């Protein structure tokens, strides 16, 4: 009897042990990517009647309704949740999962939705200090609408002091109530302890052409060396140097290891080996990273250095330097490429040999773009396996562009202090100025303006200050005008200077009248009317008197203008007077020695009268515009009198 009990006990214990072993087996699932720590991730283990939820999962609210569905991502089943509410949540919780703090895990989930709003999968962490669950991340975040099976993934680094996490599959609520209920399907919920160290990248599918690389990190890349009918040769590249190369067979998972650590795992799905179009398709590519301190290989670093700025159309010198910071020598053919602004490019190739710690430098010249702007300078070192790059920035400027705005500001302080302000069609930071600006100072006199000083100021910025001390220009208190000219434009500004004694005591000379001010329009109009009146009276009472000869009109007007211009030191006006006088002398000689011309000048006609009147008016207008107002009033009377006298004299000289 005791033996039977012992035998039964042994059988029971064996069954219990097998159940425990089976339970442990289903708690985790191993894959080529690592160990999935989620219990029953694909909902293939049936339904727990007690908890009314999938095995390994629980419902926090008994009113939340879900079911197993045969519409699955993989396998036979998925878990689906249907709701008819337009607010609130419904879902299911996973069992808690033991994790290690500061470790990086790979999360991969799959979801399908119909008419949903904010369906998501939440991962919570357990805060043991406060004995509560807090959100860590959502993979995915809230999803809306209707769509088919979709894969989501993320890398999660477990925070310090966190040792447990769990999943919440949240079904969200109805997106469009007119379209019926909302349903969300969940499948293949994976929290993977990865086989690779420091996982950083994942691709569900990846294709590579032969000679092409897939960049894992700044330093690490996967390179497709060769393609055959059923296999490929691939290399793991570190900064342009192959760490490890191996043959990968179609349909198999392959792991790349370095230094005892797995860095890469993937499945070779298909190959195409037609000449010139070789290609490979990879699936479930999970890549880790490696510290540079753990790599024994050449480590090429590239540095690109360009000037802070350059001018459009010029050549930009770009320095490219490469240093081998690794523990092994580098030897191979390289190409150095420099690109400026995406369009301007130069390159060179050579065989490069660098021992550990050695470097090499190149100076490449690339044309600057014509459009002023900030541009990126990209330098690339291409080895047989990879490209290493660095960037710099250069500002392309324009020197002395067309001046579109120009202003002058002046004040008195120990002389004349001024500021020149230039503007162009370009932004200020894209313009350099090295532009000569002529600055002239004039003293305003009763009879005009007198130049007293001139200098050239070089504008080397948008705003340029200048200073002209008293000793260079000052000729007493009074009004001065400063005129600045640059790039075909000018500006001026008036000043009333008080001098070093700070007391304004100008001379009796004042700002001269001009045609635009002081009422001289009236004087000129009166002069013209008086001349016409004199001529009309003469013609009315003496119809047969000959007109004033043109030669006399030119000589008389030219003499008056020349004499006044010489007295006032007006050089330009002196030249005008001499021209008028010379024209009169020429006409006089022509009339005297050519009988036909003499007849023309002696002919009585209104055209002759008008021509002579215009010459006298022009000369008289200049005289009036060059003298004070009182003198101008006297000339308005004197010139018509002289004109009448000249008409009479012309008759006597006939």
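The values are calculated or read from the model by the stated rules, or taken from the named source; none is laboratory data. Keep in mind the model is a prediction, meaning the values are calculated, not measured. Backbone-built Cβ (ideal geometry, glycine too); neighbour counts: all protein chains shown.
Hey, any hits in the range 313-320 for a residue that's in contact (Cβ under 8 Å) with a residue 40 or more places away in the chain and more than 23 Å from the chain's Cα centre (by Cα)? Scanning the range 313-320 turns up at least one residue that is in contact (Cβ under 8 Å) with a residue 40 or more places away in the chain and more than 23 Å from the chain's Cα centre (by Cα). Of all residue pairs spaced 6 or more apart or on separate chains, those with beta-carbon atoms under 9 Å, a first member in the range 162-173 that is buried (at least 23 other Cβ atoms within 10 Å of the Cβ) and a second member that is in a loop (DSSP other than H, G, I, E, B) and modelled with pLDDT under 90 are 171/64; 171/89; 171/90; 172/89; 172/90.
Please tell me if residue 146 is surrounded by fewer than 20 Cβ atoms within 10 Å (Cβ to Cβ) and either at pLDDT 95 or above or not assigned by TED's automatic domain parsing to the domain that holds residue 83 (or both).
So residue 146 fits the description; yes.
Here residue 69 passes the criteria (1) crowded, with 21+ Cβ neighbours inside 10 Å; (2) over 28 Å from residue 163 (Cα atoms) except the one numbered (1). Filtering 484, 533 for residues that are modelled with pLDDT of 75 or more and within 17 Å of residue 610 (Cα to Cα) leaves a single hit, 533. Residues that are over 16 Å from residue 390 (Cβ atoms) and surrounded by 14 or more Cβ atoms within 10 Å (Cβ to Cβ) within the range 359-372 comprise 367, 368, 369, 372, listed in sequence order.
Determine if the range 302-311 includes at least one residue that is touching a residue at least 12 places away in the same chain (Cβ under 8 Å) and over 30 Å from residue 434 (Cβ atoms). Checked the range 302-311: at least one residue is touching a residue at least 12 places away in the same chain (Cβ under 8 Å) and over 30 Å from residue 434 (Cβ atoms). Of the strands (runs of 3 or more DSSP E) contained entirely in the range 169-248, those carrying at least 2 residues that are closer than 21 Å to residue 110 by Cβ fall at 182-194, 201-209.
Based on what the data block shows, is residue 443 more than 21 Å from residue 311 (Cβ to Cβ), outside the structural domain of residue 623 (by TED's automatic domain parsing) and surrounded by 13 or more Cβ atoms within 10 Å (Cβ to Cβ)? Yes; evaluated as a whole, the condition is true for this residue. Among residues of the range 21-36 being surrounded by fewer than 20 Cβ atoms within 10 Å (Cβ to Cβ) and at pLDDT 80 or above, the one that is nearest to residue 253 (Cα to Cα) is 32. Against the condition outside any loop (DSSP other than H, G, I, E, B) and surrounded by fewer than 18 Cβ atoms within 10 Å (Cβ to Cβ), how does residue 86 come out, does it pass? No; evaluated as a whole, the condition is false for this residue.
Of the strands (runs of 3 or more DSSP E) lying entirely inside the range 347-449, the ones with 3 or more residues being in contact (Cβ under 8 Å) with a residue 60 or more places away in the chain and out of contact with any helix residue (DSSP H, G or I) (no Cβ under 9 Å at 6 or more places or on another chain) are found at 373-382, 387-399, 405-412, 415-423.
Scanning the range 255-281 for residues being without any contact (Cβ under 8 Å) to a residue 60 or more places away in the chain and under 30 Å from residue 301 (Cα atoms) gives a total of 5.
Restricting the range 454-467 to residues that are surrounded by fewer than 18 Cβ atoms within 10 Å (Cβ to Cβ) and in a strand (DSSP E or B) leaves a set whose member that is farthest from the chain's Cα centre (by Cα) is 454.
Does residue 48 satisfy the condition of being touching a residue at least 24 places away in the same chain (Cβ under 8 Å) and assigned by TED's automatic domain parsing to the domain that holds residue 121? Spelling it out, it is not the case that residue 48 is touching a residue at least 24 places away in the same chain (Cβ under 8 Å) and assigned by TED's automatic domain parsing to the domain that holds residue 121. In this structure, residue 374 qualifies as in the same structural domain as residue 394 (by TED's automatic domain parsing), farther than 21 Å from residue 242 by Cβ and in contact with a strand residue (DSSP E or B) (Cβ under 6 Å, 6 or more places away or on another chain).
Looking at the structure I just gave you, is residue 438 at pLDDT below 95 and in contact with a strand residue (DSSP E or B) (Cβ under 9 Å, 6 or more places away or on another chain)? So residue 438 fails the test.
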